[in-house]
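**Q** Sharing a structure with you now.
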Amino acid sequence: MANHLHDFLIHLGDNALILGHRLSELTSHGPVLEQDMAMTNIALDLVGQTRNIFQVAAKLQGNGATEDSIAYTRDATSYKNILLVEQKNGDFAKTVLRQFFYDAFNYHAYQRLLKSSNKDIAAIAEKAIKEITYHLKWSAEWVIRLGDGTEESNSRINAAIDDLWPYTEEMFKFTDYELACHDEGIFPDIHGIKAEWDEEVKNIFAEATLTVPEDGWMHDGGKRGVHSEHLGFLLAEMQFLQRAYPGQQW
Amino acid sequence: MEKNLNDIFQAKIDREEKIEPKDWMPDAYRKTLIRQISQHAHSEIVGMLPEGNWITRAPTLRRKVALMAKVQDEAGHGLYLYSACETLGIDRDTLFEQLHSGKAKYSSIFNYPTLSWADIGSIGWLVDGAAIMNQVPLCRCSYGPYARAMVRVCKEESFHQRQGFEILLNLSKGSDEQKAMLQESVNRWWWPAMMMFGPSDADSPNTQQSMQWKIKRFTNDELRQKFVDICYEQAKILNVTLPDPDIKWNEERGHYDFGEINWDEFWQVVKGNGPCNKERIAARKTAWEEGAWVREAAVAHANKRAARKTKKVA
């Protein structure tokens, strides 16, 4: 089994699953009905992407693995999502900003995956890119609204920037499995993503009257399975039925 | 004059023509519709909560996606219904205030808790099943905007009902633990679902007027009977027992007889003493209050943008 390809798929799927799960926690608790639906919509897309990705990973893994065995029977140390996506929802400003940082990365990453030498990944990207384009539009618009809205919304989004900025660098700190995929053309031109992300953030922040922070200390570890405390609780909840009643059909 | 208008109005209804927002209508018709449509919209929104509970614990990715889509559909139903209600001259914010203050009601069924995964199936099968029974005739309701909203709602509801039944069917073919989970859930949901049709006809003072106005097409008891007849057969497929020892086929009536509903429980839940009344309203109020600054920011930003545009044009 090509380990780096499998690890990369798990990483991609985990990012989508954990962020989708976080957003799904907000279903029926949104600040206004239309945005409740928008966030659930993004959650639906992300979990849908997870399924497509894990189905490919399961095939690669063999031994009866399924999308669900991958999602529901791994402990936190086997999860390879970035730390950013497992951060708690916080207030709407934090939810929106976490989404924007991720979407801006994801958009440029999936533009590259469209050209992946791996046909399965290219096909997944083809479908996902339409969704991700919409996600980025939604989250960027909300960053602008909150930044250039009221004094309160501006101060809340600034607090969110303080909280989340230290989690952004991890997206561009490529692991061995990402670099190996890069070398094989599975994930082409990864080194160009950072500049595009910076540009995206700079432009949206300018429109939102927000300041891009100076780079300081940055957290990482998620991609290697070293997570924040939050992930264990998230998994305990998500995996409850599969753990309490192992091996059942649902 | 008033009498004449009333006659014209009723004649229109009798000819099965739709009443539209700009048409003249008696105040009582307007009030009845605002009460009923808003109650219906609130039920959709509050109904998202008990099911939303299990989104984060859904057992498979496929189930998780399906449940999210379902709860999202309910938010959509809430939106169409609030819009239909707004055509009667009341705005969404006022309707929310009425929900939060307890002035407006919503379906009591959502004051019951979801305690197991099987409850997600039971809500689909029994609660959505009962809702469809109530709602299909509303597609022919005399008030145009409500009738049109209901056509869309009913299409999605019948999909939800099948989805719920499928969850249960799956459990019925599963392990002993899953079968027990299924039966336990049906035991808890059967009677509250039966109560969804409202009080018996004898205790339902508004029914007759609503039937004359063709807002309502069947009485509460007629719909409840239809529900029992259908569910009894479906329960056989699921291999579950409905928790009513008095259910039996009545050859003469051509229907199933069934036991007495606990109306005391029904009225207690309506009055706010159900297991989750307080939590449900608190969750709605929290979402609304914590969202206030977001809504204000959106308005403030839209105003700034509009001002900049005007300045540019000038």
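Taken together, the values in this text are just the output of simple stated rules run on the coordinates, not laboratory data. Keep in mind that this is a model prediction, so the values were computed, not measured. Backbone-built Cβ (ideal geometry, glycine too); neighbour counts: all protein chains shown.
**Q** Quick check on packing: order B:262-268, A:222-228 by the mean number of other C-beta atoms within 10 Å, highest mean leading.
**A** On the way: B:262-268: 13.6, A:222-228: 19.3.
Result, highest mean Cβ count within 10 Å first: A:222-228, B:262-268.
**Q** Given the rule -39500 (n - 2.57) for each run of at least 4 DSSP H residues, summed and divided by the residues of chain B, what is its mean residue ellipticity at 222 nm, to the nearest 500 deg cm²/dmol?
**A** On the way: 13 runs with 204 residues, N = 314.
Helices in chain B give a 222 nm mean residue ellipticity of -21500 deg cm²/dmol.
**Q** Moving on to the next point. Dipole size in debye (nearest 20) for segment A:3-244 around its Cα centre, Lys and Arg Cβ +1, Asp and Glu Cβ -1? Working shown, then result.
**A** Values: 22 positive and 38 negative charges, 148 e Å.
That gives a dipole near 720 debye.
**Q** Per residue, what volume in Å³ does the Cα convex hull of segment B:176-309 take up? Display every interim value, and only then the final one.
**A** Numbers: hull volume 31.6 nm³, N = 134.
So the per-residue hull volume is 236 Å³.
**Q** About the Cα centre, and with charges only on the beta carbon of Lys, Arg (+1) and Asp, Glu (-1), how big is the dipole of the protein assembly as shown? Nearest 20 debye, please. Intermediate results must be reported in sequence, preceding the final value.
**A** Numbers: 66 positive and 80 negative charges, 242 e Å.
Using only the charged Cβ atoms, the result is roughly 1160 debye.
**Q** Which loop GluC sites (Glu not before Pro) in segment B:1-81, with loop taken from DSSP, have no more than 15 other Cβ atoms within 10 angstrom of their Cβ? Write out the running numbers ahead of the final one.
**A** Values: sites: B:2, B:16, B:17, B:44, B:51, B:74; in loops: B:16, B:17.
In loop regions of segment B:1-81 (DSSP not H, G, I, E or B), the sparsely surrounded GluC sites (Glu not before Pro) are B:16, B:17.
**Q** According to the Cα gyration tensor, what semi-axes, each the square root of 5 times an eigenvalue, does the equivalent ellipsoid of the protein assembly as shown have, listed from largest to smallest in whole Å?
**A** On the way: eigenvalues 425, 202, 70 Å².
Result for the protein assembly as shown: semi-axes of 46, 32, 19 Å.
**Q** For chain A, what does -39500 (n - 2.57) per DSSP helix run (n ≥ 4), summed and divided by total residues, give at 222 nm, in deg cm²/dmol to the nearest 500? The partial results should precede the final answer.
**A** On the way: 11 runs with 163 residues, N = 250.
After summing the helix terms and dividing by the residues of chain A, the value is -21500 deg cm²/dmol.
**Q** Considering just Cα atoms, how many Å³ per residue does the convex hull of chain B enclose?
**A** 172
**Q** Looking at segment B:80-118, which trypsin sites (Lys or Arg not before Pro) are DSSP coil and have at most 14 other C-beta atoms within 10 Å of their C-beta?
**A** Numbers: sites: B:92, B:103, B:105; in loops: B:103, B:105.
Here the trypsin sites (Lys or Arg not before Pro) that fit, given the DSSP loop and packing criteria, are B:103.
**Q** Hey, what do the phi angles of segment B:5-21 turn into as Karplus ³J(HN,Hα) couplings, whole Hz, using 6.51/-1.76/1.60 and θ = phi - 60°, x for Gly and Pro?
**A** 4, 4, 5, 4, 4, 5, 5, 4, 5, 4, 7, 6, 8, 7, 8, 10, x
**Q** Step by step: find N for segment A:3-244, compute 2.2 N^0.38 Å, then divide the Cα radius of gyration by it. What's the final number? Each step should come with its number before you reach the end.
**A** Values: Rg = 17.2 Å, N = 242, 2.2 N^0.38 = 17.7 Å.
In units of the globular-protein estimate, segment A:3-244 measures up at 0.97.
**Q** How much length is gained if the chain between residue A:196 and residue A:218 is pulled fully straight, taking 0.36 nm per residue apart and subtracting their Cα-Cα distance, in nm to one decimal?
**A** On the way: separation 22, 0.36 × 22 = 7.92 nm, distance 1.93 nm.
Length gained, residue A:196 through residue A:218: 6.0 nm.
**Q** Using the charge dipole of the protein assembly as shown (Lys, Arg: +1 at Cβ; Asp, Glu: -1 at Cβ; taken about the Cα centre), state which of A:72, B:117, B:154 has its Cα farthest towards the positive end.
**A** B:154
**Q** What residues have an amide H closer than 5 Å to that of residue B:259, excluding those fewer than 5 places away on the same chain, when H is modeled at 1.01 Å from N in the peptide plane?
**A** B:246, B:247
**Q** Okay, moving on. Relative to the present Cα-Cα distance, how much length would full extension add between residue B:22 and residue B:184 at 0.36 nm per residue of separation?
**A** Working: separation 162, 0.36 × 162 = 58.32 nm, distance 5.00 nm.
My answer for the length gained is 53.3 nm.
**Q** Could you give me the percent of Cα pairs per 5 Å distance bin for segment B:1-135, shortest bin first, beginning at zero and ending with the bin that holds the maximum distance?
**A** With 5 Å bins starting at 0, P(r) equals 2, 9, 16, 18, 15, 13, 10, 7, 4, 3, 1, 1, 0.
**Q** Mind checking A:18-25 for the average number of partner chain beta-carbons within 10 Å of each residue's beta-carbon?
**A** Numbers: counts 0, 0, 4, 4, 1, 1, 9, 3.
What the average comes to for A:18-25 is 3.
**Q** Under 5 Å between amide hydrogens, which residues at least 5 positions from residue B:143 or on another chain qualify, with H placed 1.01 Å from N in the peptide plane?
**A** Counting only residues 5 or more places away or on other chains, the set is B:19.
**Q** Given 10 Å bins starting at zero, what is the percent of C-alpha pairs of segment A:74-157 in each, up to the one with the largest pair distance?
**A** Taking every Cα pair in segment A:74-157, the percentages come to 17, 36, 32, 13, 2.
**Q** Using the Karplus equation 6.51 cos²θ - 1.76 cosθ + 1.60 (θ = phi - 60°), what ³J(HN,Hα) coupling, rounded to whole Hz, does each residue of segment A:116-123 give in order, writing x for Gly and Pro?
**A** 4, 6, 8, 5, 4, 5, 4, 5
**Q** Per residue of B:44-55, how many C-beta atoms from partner chains lie within 10 Å of its own C-beta, taken as a mean? Intermediate values should be presented prior to the final figure.
**A** On the way: counts 1, 3, 1, 1, 7, 3, 1, 2, 8, 1, 1, 10.
Rounded to a whole number, the mean comes out at 3.
**Q** Right, next: Mean separation of Cα pairs under 8 Å and 6+ residues apart, divided by the residue count of chain A: what relative contact order is that in percent? Provide the component values of the computation, followed by the final result.
**A** Working: 326 pairs, mean separation 65.2, N = 250.
26 percent.
**Q** Then there is this: Are there trypsin sites (Lys or Arg not before Pro) in segment A:107-185 that DSSP puts in a loop and that have at most 15 other Cβ atoms within 10 Å, and which ones? Each step should come with its number before you reach the end.
**A** Working: sites: A:112, A:115, A:119, A:127, A:130, A:137, A:145, A:156, A:173; in loops: A:115, A:173.
Within segment A:107-185, the qualifying trypsin sites (Lys or Arg not before Pro) (loop, at most 15 other Cβ atoms within 10 Å) are A:115, A:173.
**Q** If you don't mind, another one. Work out from phi, with θ = phi - 60° and the Karplus expression 6.51 cos²θ - 1.76 cosθ + 1.60, the ³J(HN,Hα) of each residue of segment B:184-194, listed in order in whole Hz, and give x for Gly and Pro.
**A** Whole-Hz 3J(HN,Hα) from phi for segment B:184-194: 4, 5, 4, 4, 7, 8, 4, 5, x, 5, 4.
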